[in-house]
Amino acid sequence: MLELRNVQVLYDRAIEAVRDVSLSVPEGQMIALLGSNGAGKSTILKAISGVLYQEDGEIVSGSVVLDGAPLGSRSPADIVRRGLIQVPEGRALFAPLTVEENLLMGGFTRNRAEARDDIERVYALFPRVKERRHQIAGYLSGGEQQMVAIGRALMARPRMIMLDEPSLGLAPQIVDAIFDAIVDLNRSAGLTVLLVEQNAQLALDVTSYGYIIENGRIVLDGPVEALRANNDVQEFYLGMAGGERRSMRDVKHYKRRKRWLS
Ligand SMILES: Nc1ncnc2c1ncn2[C@@H]1O[C@H](COP(=O)(O)OP(=O)(O)O)[C@@H](O)[C@H]1O
Ligand SMILES: [Mg+2]
């Protein structure tokens, strides 16, 4: 469905954020893009959504291809109409508006009657959002804001949703509720998902195939089972480091430091 072919992105015509990135998101699949802070994950999502220009960023080579046709320099709104939507990092809600107003803003590509129907679907998916529908979005908890941000994206009836670190800063329980909803949308409605996460453990639990990006380049990709079995993935992304040795070393180090302090 969606492909990146050898994409290179520069900011300010000078800073290279992403280099020679190729990846593929087949229709109906959940794909993970993993990497640490600053690796280039958000840049890739912005390149797909067509919003790089807002930050003086540009795809200088390669292409983003939807259903076999390059997106070229289409506007962000046009890309949304074609079914690709991004839930940005940090949710980016309209803070002074109510929850319901935020959801309605997400339905800008639909008519009023369709938007009403879609709002009810969002409420069915996230009952907590329904309870809070008349509250000011800026006052919700982080988890509730993430639910509203996802709900707002769904209002455009996307074929594919791109989530930028949806678990960031949230309690495990609320993360579970959010991930359950995403998995449900994928299984029952066939929604295609590109999930960007620093939390590899979480992402590998729900996706089928993953890409790992470091310093703007894809360094490894494969089915999640293969990634999980990979020693480097275990060490650097799953914190497993050859079984217990690393954690033991950490414990010793910790004790030593404590002794120095006392
Ligand atoms: N607006 C910007 N202007 C200049 N450099 C940027 C901008 N946004 C991101 N970068 C740089 O691009 C690289 C990738 O950033 P980003 O895509 O945000 O990484 P991630 O989402 O994986 O944390 C980083 O080195 C970052 O400093
Ligand atoms: Mg990011």
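The values are calculated or read from the model by the stated rules, or taken from the named source; none is laboratory data. Please read all numbers here as calculations on a predicted model, not as lab measurements. Counting neighbours? That spans all protein chains shown, and the Cβs are built from the backbone with ideal geometry, glycine included. With ligands, DNA and RNA removed, areas are computed over all heavy atoms of the protein, side chains included. Shrake-Rupley method; radii C 1.70, N 1.55, O 1.52, S 1.80 Å.
Here are some notes:
- Positive dipole terminus of region 9-164, leading residue within Leu93, Ser36, Gly151 (C-beta point charges): Gly151
- With N the number of residues in the chain, Rg(Cα) / (2.2 N^0.38 Å) evaluates to 1.08.
- To the nearest ten degrees, helix 112-125 and the longest principal axis of the Cα atoms of the chain are 30 degrees apart.
- The packing ranking of peptides 38-47, 208-217, 106-115, highest mean first, is 38-47, 208-217, 106-115, where packing means the average number of other beta carbon atoms within 10 angstrom of each residue.
- Expressed per residue, the C-alpha convex hull volume of region 110-202 stands at 102 Å³.
- When nucleic acids and ligands are ignored and a 1.4 Å probe is applied, Arg19 ends up with an accessible area of around 100 Å².
- Helix 245-261 axis, angle to the chain major axis (alpha carbon atoms, nearest 10°): 80 degrees
- Projecting label points 7 angstrom from Cα along Cα→Cβ for Val65 and Ala171 puts them 4.6 nm apart.
- Radius ratio Rg over Rh of region 17-157, counting only Cα atoms, Kirkwood formula for Rh: 0.99
- Our helix-only sum for the chain, with -39,500 (n - 2.57) per DSSP H run of n ≥ 4 divided by its residues, gives a mean residue ellipticity at 222 nm of -12000 deg cm²/dmol.
- The three principal axes of the Cα atoms in region 93-157 give end-to-end lengths of 29, 22, 17 Å, sorted in falling order.
- Total charge dipole magnitude, the chain, about the Cα centre, Cβ charges on Lys, Arg, Asp, Glu only, Debye to nearest 20: 800 debye
- Apportionment of accessible area to carbon and sulfur, the chain, percent (1.4 Å): 48 percent
- The charge dipole of region 93-157, taken about the Cα centre with unit charges on the Cβ atoms of Lys, Arg (+1) and Asp, Glu (-1), comes to about 60 debye, rounded to the nearest 20.
- Pair Arg133, Arg13: separation of 7 Å Cα→Cβ label points (nm): 5.0 nm
- Descending semi-axes in whole angstrom, ellipsoid equivalent of region 1-86, from the Cα gyration tensor: 19, 15, 12
- The stretch between Arg74 and Asn111 holds 11.1 nm of extra length on full extension. This uses 0.36 nm per residue minus the Cα-Cα distance.
- Taking the chain and dividing mean pair separation by its residue count, relative contact order in percent (alpha carbons under 8 Å, at least six apart): 25 percent
- Computed extension gain for Arg217 through Ala92, at 0.36 nm per residue and net of the alpha carbon distance, reaches 42.3 nm.
- Annotation: region 74-119 has a Kirkwood hydrodynamic radius of 11.8 angstrom, from the mean reciprocal C-alpha pair distance.
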